[in-house]
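Asks: First the structure, then my questions, so here it is.
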Amino acid sequence: MTAQAPGAMEVGFRAKRASGRKLLVPYVTGGLTGWQLAVRAAAAAGADAIEIGIPFSDPVMDGPIIQQASQRALEGGATPVSILREVRDLDVSVPLAVMTYYNTVHHAGPERFAAQLVAAGIAAAIVPDLPLEEAAPWCTAADAARVETVMLAAPTAPDDRLPRIAARARGFVYSVGLLGVTGERARLAASATALAARLKAITDVPVLVGVGVSNEAQAYEATRVADGVVMGASVVRRLMEAGPEAVGDYVAQVRAALDAH
Amino acid sequence: MDQLLRTYAGRPSIITECGNLGRELGIRLLLKREDLNHTGSHKINNVLGQALLAKRMGKHRLVAETGAGQHGVATATAAALMSMECKVYMGAVDVTRQALNVFRMKLLGAQVEAVESGSRTLKDAVNEAMRDWVATVETTHYCLGSVMGPHPYPWMVREFHRVVGEEARAQCIELLGDVPDVAVACVGGGSNAIGLFSGFVDDRTRLVGVEPAGGAAVGRGVPGVVHGMRSFLLQDEYGQVQEAHSISAGLDYPGVGPEHSHLASIGRAEYPNVTDSEVIDAFQLLARTEGIITALESAHALAWIVRAAPELAGRNVLMNLSGRGDKDVAQMMDVLGK
Ligand SMILES: Cc1ncc(COP(=O)(O)O)c(C=O)c1O
């Protein structure tokens, strides 16, 4: 818990929230065919930040769609280094976050990985299999490099854990929408708004719901309580099935739904 | 728990002295007969403990991963005994090569799901069991099958297998008047090995954990984090987990329990590896000389003993015979072309 001033992504999110805007963060698996075009399309269609997945061989938090995307990207030769190199050419105006699993960080070493992110112009990192209790080596390195580390809160987290998660979170708190893995669901789980409300009650760090937010209606519903949403599987499925333009169209649709608040 | 181990699992397991093979190898060879436990391997020790805990926590469903199917069978057995639901995840490759155990699990009332992702072996079965568990944690306990995964599993599973080492120590002292010179076990995740080692870790006994050449996490891995633990792990230059390749489904895993990494790092235990062909020879050797058909996993331990016999001459060698080989007979019929 440090008194570090908020980073660029968090400052931007707080300002947008203050102006009444709901935040939209689409996720795109790096290394998939067309992924850079998809990121640009999402930015142009009204995303407030974009989460770029660095694929890992064993994505235990992910359901079938993002598993398949990760496997395709890895089979296509994607590596953390190749993806971060391609990030430099993106030239988009919204902040970029990477999402990866802790072994990617551990293998490079926290300081080196943080430096690689900074060199690529990445603002933030999401590492879902890094629990609070083990987060110090990475968070210390990330804070020093001014990479914002988004912390995840699970629906099962007890009340006394949430303030500790929020205190450690930079950028936003990732309010996990359900018990389970990423993937599209027919309905928004009741736990999505319940956890977001618990978090909103104890922190003024922006609270975004992710995992299981599957379409514009669910995004609207989640943001009745939350400050924004992270949308993964529904974006990645469109990229794999229909290409980058479909991602742009979809993000525009969600944007319009969120702007109706 | 003690009562279940005695009256259901059949503990204590005996020690068998291999007179014929010992003479051939020039050593005194003792086998700790975990293959004689109910369900045919050491796995039942851990499973009965975890199933009792799950009941105590009010959970009515067990999920498990399995490689060789022995842990899946043990979990399905405990679920049947304790009237719990059971789902076992098994790599599609292993579903084929351990078909007998798939049928046993189904007979016991478990649902078996073939995992088609990744290498379609044990690592991917663990991934899938974890994905199930995060979605069902309110009703479900993940009955993890080795000394791996997030805390408290490596510790808890070791404690449930400690009985192997404690019994073996007392049995050796009765038989030899001393602890053995060497204690040997195969290592996949490392549960049968750590169970055996925990009886001797404070003694002078040399501890040897035998890995498969194609899945030698201690021998060829570097520290990594996967499945909630930091331990030696086979991985590429970017930290992607590599696939293991072993004839034995139960050892086909690119990681190893963290306590083994610790024992290796402080030099208390050593972790050589053996090839599939050495294992096939050892499997046949034990059958021919002692009338015991071993699991392919346990045959790794014997394969190392055979290789190391010249340097072990005259020593007392205790090996954990972690499981029986019925499940492997069909696969060996193919391998041996008979
Ligand atoms: C008979 C037997 N021995 C050993 C193992 C490997 O597990 P561990 O290394 O945890 O003992 C298995 C796993 O399936 C097994 O069935």
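The values are calculated or read from the model by the stated rules, or taken from the named source; none is laboratory data. Computed from a predicted structure; not experimentally measured. Cβ placement follows ideal geometry from the backbone for every residue including glycine, while neighbour counts extend to all protein chains displayed. SASA here: full protein model, heavy atoms, side chains in, ligands and nucleic acids out. Shrake-Rupley method; radii C 1.70, N 1.55, O 1.52, S 1.80 Å.
Asks: Note every residue of segment B:213-232 with a reduction of at least 40 square angstrom in accessible area, all protein chains present versus the isolated chain, computed with a 1.4 Å probe, or write none.
Replies: Hits at the 40 Å² cut-off: B:225.
Asks: Could you calculate the FRET efficiency of residue B:24 with residue A:140 from 1/(1 + (r/R0)^6), where r is the beta carbon distance between them and R0 is 45 Å, rounded to 0.05?
Replies: Values: r = 58 Å, r/R0 = 1.29.
Once the sixth-power term is evaluated, E becomes 0.20.
Asks: Then there is this: Residue by residue through segment B:259-270, which ³J(HN,Hα) values in whole Hz follow from phi under the Karplus form 6.51 cos²θ - 1.76 cosθ + 1.60 (θ = phi - 60°), with glycine and proline marked x?
Replies: 5, 5, 4, 5, 4, 5, 5, 8, x, 7, 10, 10
Asks: For segment B:211-288 and segment B:161-187, what is the separation of their Cα centres, given in Å?
Replies: With segment B:211-288 and segment B:161-187 each reduced to a Cα centre, they are spaced 23 Å.
Asks: Rounded to the nearest Å, what's the spacing between the alpha carbon centres of segment A:1-52 and segment B:4-69? Just the number, please.
Replies: Going from one Cα centre to the other spans 52 Å.
Asks: Hey, another quick one. When Lys and Arg each count +1 and Asp and Glu each count -1, what net charge do the other residues less than 9 Å away from residue A:259, Cβ to Cβ, add up to? The partial results should precede the final answer.
Replies: Values: positive: A:21, A:22, A:255; negative: none.
Local charge sum for residue A:259: +3.
Asks: How high is the relative contact order of segment A:23-259, given as a whole-number percent (alpha carbon pairs under 8 Å, six or more residues apart)?
Replies: On the way: 491 pairs, mean separation 54.9, N = 237.
Relative contact order here is 23 percent.
Asks: Which of the helices in chain A meet the span-like rule: DSSP H, Cα axial reach of 18 Å or more, Kyte-Doolittle mean at least 0.5?
Replies: Details: long enough: A:190-202 (19 Å, 1.00); A:244-259 (22 Å, 0.11).
In chain A, the long hydrophobic H runs are A:190-202.
Asks: Nearest 10 degrees, 0 to 90: what angle lies between the long axis of helix B:153-176 and the longest principal axis of chain B (Cα atoms)?
Replies: The two axes meet at around 20 degrees.
Asks: What ranking do A:150-161, B:111-122 get when scored by the average of other Cβ atoms within 10 Å per residue, highest first?
Replies: Values: A:150-161: 16.8, B:111-122: 19.9.
Highest to lowest by the protection proxy: B:111-122, A:150-161.
Asks: To continue, here is another question. At R0 = 56 Å, how high is the FRET efficiency between residue A:19 and residue B:204 if r is their beta carbon distance? Nearest 0.05 is fine.
Replies: Details: r = 73 Å, r/R0 = 1.30.
The computed FRET efficiency comes out at 0.15.
Asks: Right, here's the next one. Mind listing the phi-derived Karplus ³J(HN,Hα) values for segment B:219-227, rounded to whole Hz, using 6.51, -1.76 and 1.60 with θ = phi - 60°, and x for any glycine or proline?
Replies: Along segment B:219-227, the couplings run x, 10, x, 10, x, x, 10, 8, 6 Hz.
Asks: Going by alpha carbons, how many degrees (0 to 90, nearest 10) lie between the helix axis of B:296-312 and the longest principal axis of chain B?
Replies: 20 degrees
Asks: Among B:30, B:52, B:81, flag the residue with its Cα farthest along the positive direction of the charge dipole of segment B:5-88, charges on Cβ as +1 for Lys/Arg and -1 for Asp/Glu.
Replies: B:52
Asks: Go through segment A:24-66 and flag every residue whose accessible area shrinks by 20 Å² or more with all protein chains in place compared to the isolated chain (probe 1.4 Å).
Replies: A:56, A:57, A:58, A:60
Asks: Averaged across B:233-242, how many Cβ atoms of other chains sit within 10 Å of each residue's Cβ atom?
Replies: Details: counts 3, 0, 4, 4, 3, 13, 14, 11, 5, 1.
Averaged over the peptide's residues, the number is 6.
Asks: Taking each residue of A:92-104 in turn, how many C-beta atoms of other protein chains fall within 10 Å of its C-beta, and what is the average? Before the final figure, lay out the partial values.
Replies: Details: counts 0, 0, 0, 0, 0, 0, 0, 0, 1, 5, 6, 11, 4.
Mean shielding count: 2.
Asks: Could you tell me what percent of the accessible area of chain B is made up of carbon and sulfur, with a 1.4 Å probe and every protein chain present? Don't skip to the end; give the middle numbers.
Replies: Details: 6370 of 12070 Å².
In chain B, the share of accessible area belonging to carbon and sulfur is 53 percent.
Asks: Moving to a separate point now. If you add up the charges near residue B:63, with Lys and Arg at +1 and Asp and Glu at -1, over every other residue whose beta carbon is less than 12 angstrom from its beta carbon, what do you get? List each step's numbers first, then the result.
Replies: On the way: positive: B:59, B:61, B:87, B:131; negative: B:65, B:85, B:113, B:128, B:132.
That sum, taken over residues with Cβ under 12 Å, equals -1.
Asks: Something else: Local charge sum around residue A:226 (other residues, Cβ-Cβ under 14 Å, Lys/Arg +1, Asp/Glu -1)? Each step should come with its number before you reach the end.
Replies: Details: positive: A:16, A:17, A:21, A:22, A:198, A:200, A:224; negative: A:48, A:204, A:221, A:227.
In short, +3.
Asks: What does the charge dipole of chain B about its Cα centre add up to, to the nearest 20 debye, if the Cβ of each Lys and Arg holds +1 and the Cβ of each Asp and Glu holds -1?
Replies: On the way: 32 positive and 38 negative charges, 140 e Å.
It comes to approximately 680 debye.
Asks: Determine the calculated [θ] at 222 nm for chain B from helices alone, applying -39500 (n - 2.57) to every DSSP H run no shorter than 4 residues and normalising by the residue count; nearest 500 deg cm²/dmol.
Replies: Details: 13 runs with 145 residues, N = 338.
Roughly -13000 deg cm²/dmol at 222 nm, from the helical runs in chain B.
Asks: How many Å² of accessible area per residue for chain B, probe 1.4 Å?
Replies: Values: 12070 Å² over 338 residues.
Counting only protein heavy atoms, the per-residue value for chain B is 36 Å².
Asks: DSSP loop (so not H, G, I, E, B), at most 14 other Cβ within 10 Å: list which trypsin sites (Lys or Arg not before Pro) in segment A:173-220 pass both filters.
Replies: On the way: sites: A:185, A:187, A:198, A:200; in loops: A:185, A:187.
The qualifying sites are A:187.
Asks: While we're here: Out of the total accessible area of segment A:23-259 (probe 1.4 Å, heavy atoms of protein only), what percent is carbon and sulfur? The partial results should precede the final answer.
Replies: Details: 4250 of 8100 Å².
In segment A:23-259, the share of accessible area belonging to carbon and sulfur is 53 percent.
Asks: Within segment A:23-114, which chymotrypsin sites (Phe, Trp or Tyr not before Pro) sit in a loop by DSSP and count at most 11 neighbouring Cβ atoms inside 10 Å? Kindly include the intermediate steps, with their values, before the conclusion.
Replies: Values: sites: A:27, A:35, A:56, A:101, A:102, A:113; in loops: A:56, A:101.
Sparse-neighbourhood loop chymotrypsin sites (Phe, Trp or Tyr not before Pro): none present.
Asks: Skip the ligands, DNA and RNA, and give the accessible area per residue of chain A with a 1.4 Å probe, whole Å². Walk me through the intermediate numbers first.
Replies: Working: 9610 Å² over 261 residues.
Spelled out: the 1.4 Å probe surface of chain A, per residue, equals 37 Å².
Asks: Other chains near A:203-216: what is the mean number of their Cβ atoms within 10 Å of each residue's Cβ? Walk me through the numbers before you get to the answer.
Replies: Details: counts 0, 0, 0, 0, 0, 0, 0, 0, 0, 0, 0, 0, 0, 0.
Taking the mean over all residues of the peptide, I get 0.
Asks: Let me ask something additional. Give me the summed buried accessible area for the B-A pair, 1.4 Å probe, to the nearest 100 Å².
Replies: Working: alone 12970 and 10550 Å², together 21690 Å².
By this definition, chains B and A bury close to 1800 Å².
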